[in-house]
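Presented below is the structure to which this report refers.
The values are calculated or read from the model by the stated rules, or taken from the named source; none is laboratory data. These numbers come from a predicted model, not from an experiment. For neighbour counting, all protein chains shown are included, and Cβ atoms are generated from backbone atoms with ideal geometry for every residue, glycine included. Heads up: the accessible areas ignore ligands, DNA and RNA and are worked out on the full protein's heavy atoms, side chains in. Shrake-Rupley method; radii C 1.70, N 1.55, O 1.52, S 1.80 Å.
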Number of protein chains: 2
Amino acid sequence: MNLEHLKKLIREVPDFPKPGILFYDITTLLKDPASLKTVIDALRDRYKGAGVAQVLGVEARGFIFAPALAYALGAGFVPVRKPKKLPAKAIREEYQLEYGTDALEIHEDAVQKGQRVLIVDDLLATGGTAAATARLVEKLGGVVAGFGFVVELDFLKGREKLAGYEVHSLLHYDK
Amino acid sequence: MNLEHLKKLIREVPDFPKPGILFYDITTLLKDPASLKTVIDALRDRYKGAGVAQVLGVEARGFIFAPALAYALGAGFVPVRKPKKLPAKAIREEYQLEYGTDALEIHEDAVQKGQRVLIVDDLLATGGTAAATARLVEKLGGVVAGFGFVVELDFLKGREKLAGYEVHSLLHYDK
């Protein structure tokens, strides 16, 4: 399905969050009921036969799509959060930022051994958080069924960090 | 509809985020597909005749329910975020914390004048963020159609801060 028309609803904000960065703002798409439905339905149709038990979303913008997709697929939702936000026993993975490192956590009991998990986020940029999220799933014995993104910034080559996984993005940008 | 059985899936974590606080952890409910569906469907059934144009969720845990409910209702989703996270022109409201203040922002073009907006969050505690969120909607000329919560901590009396609004919570706790 061609979803290119959705790009008209994505606002391009220059110099955010810092000079030289062109930010693709999806809030203008999300507030349009038909477009929100199109995005969720497109991801649902892609993954409905994939045996997905859990849809996993990364704080904060990943929370926007993953639970809605879990609902549409009849799966559960699992949050991956910044350190110390999860209340029960959790495991942690670090990942590289442009300067320094950051970390993500998942509850130890969030994924069962052998469960198929779909990782969903709004944006595939450099792929650092996505790859760290896959490591969290695999440490718990889960199987990464794939990655679903709304927007992929092709020029940042994040897909290369996810080599060997099924990766699907609804919209692509070259710059 | 009686949803009390869902409480068995909510994990009670003592002394989180600090000593003396009993934290109601909904992640154990969210990972159960049938319970996630029950929660979203219960909120959808409550508000389906209410003319809701936008469902608004507050970062970060409000993002879990609001977009899924927007999808189920055929409405749009509007995020309310911590300061400086939104990329375009935004307005701000401050609210009181136990010690000091915090603030929330919404994009200026997120809500149209006269639009009916449902505010959704996982938890009604003291009501401070919920009341600030209503002020943001009303500053933009929107109409608060109601507040939908998954869990309400009755003993914190957050409902009193929302006097005059329609407030609905799926689950109540007395302590």
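Distances from A:Arg135 to itself in the other copies, using label points 7 Å out along the Cα-Cβ axis, amount to 4.3 nm in increasing order.
For the pair A and B, how large is the buried accessible area, both sides, in square angstrom to the nearest 100, if the probe is 1.4 Å? Don't jump to the answer; show the numbers that get you there.
Details: alone 9170 and 9170 Å², together 15220 Å².
Buried: approximately 3100 Å² between B and A.
For the stretch A:65-104, the list of GluC sites (Glu not before Pro) that fall in a loop by DSSP and count at most 10 other C-beta atoms within 10 angstrom reads A:Glu98. Each copy carries A:Lys7; placing its label point 7 Å along the C-beta direction from Cα gives inter-copy distances of 5.3 nm, listed from smallest up. Taking a ≥ b ≥ c as the square roots of the eigenvalues of the Cα gyration tensor, an a/c ratio of 1.5 or more together with a/b no larger than b/c marks chain B as oblate. Of the complete DSSP H runs in chain B, none spans 30 angstrom or more by Cα along the long axis with a mean Kyte-Doolittle score not below 0.0.
Beta bridges assigned by DSSP with both partners in the stretch A:50-173 are antiparallel in approximately 25 percent of cases. Do any chymotrypsin sites (Phe, Trp or Tyr not before Pro) in the stretch A:78-175 lie in a loop, going by DSSP, with at most 16 other beta-carbon atoms within 10 Å of their beta carbon, and if so which? Filter output for the stretch A:78-175: A:Tyr99, A:Tyr165.
In whole percent, and with a 1.4 Å probe on the protein chains, what portion of the accessible area of the stretch A:50-173 is carbon and sulfur?
Values: 2340 of 4640 Å².
The value for the stretch A:50-173 is 50 percent carbon and sulfur by accessible area.
Farthest toward the positive end of the dipole of the protein assembly as shown, out of B:Val117, A:Phe23, A:Ala90, is the Cα of B:Val117, where the dipole comes from beta carbon charges about the Cα centre. Dipole check for the stretch B:71-175: with +1 at the C-beta of Lys and Arg, -1 at the C-beta of Asp and Glu, and the Cα centre as origin, the magnitude is about 340 Debye. Sorted from shortest to longest, the distances between the B:Ile91 label points of this copy and the other copies are 4.7 nm, with each point 7 Å from Cα along the line through the beta carbon. Around the Cα centre of chain B, unit charges on the Cβ atoms of Lys, Arg, Asp and Glu (plus for the first two, minus for the last two) sum to a dipole of about 360 debye. Listed by chain and number, the lysines placed with their C-alpha closer than 21 angstrom to that of B:Lys175 are B:Lys7, B:Lys8, B:Lys18, B:Lys157, B:Lys161; residues fewer than eight positions away on the same chain are left out. Per residue of peptide A:37-44, the mean number of Cβ atoms on other chains within 10 Å of the residue Cβ is 2. Name the residues of the stretch B:59-84, by number, that are at least 50 Å² less accessible with every protein chain in place than in the isolated chain; the surface is that of heavy atoms, probe 1.4 Å, without ligands or nucleic acids. Hits at the 50 Å² cut-off: B:Ala60, B:Phe63, B:Ile64, B:Tyr71, B:Phe77. Each Lys and Arg Cβ is given +1 and each Asp and Glu Cβ -1; about its Cα centre, the protein assembly as shown then shows a dipole of about 220 debye.
Per-residue shielding of A:8-21, expressed as the average number of other chain Cβ atoms within 10 Å of the residue Cβ, stands at 1.
How much accessible area per residue does the stretch B:1-153 have, in Å², with a 1.4 Å probe? Walk me through the numbers before you get to the answer.
Values: 6160 Å² over 153 residues.
It amounts to 40 Å² per residue over the stretch B:1-153.
Using helices alone, what [θ] at 222 nm do you get for chain A, with -39,500 (n - 2.57) per DSSP H run of 4 or more residues, divided over all residues and rounded to the nearest 500?
On the way: 5 runs with 47 residues, N = 175.
Rounded to the nearest 500, the figure is -7500 deg cm²/dmol.
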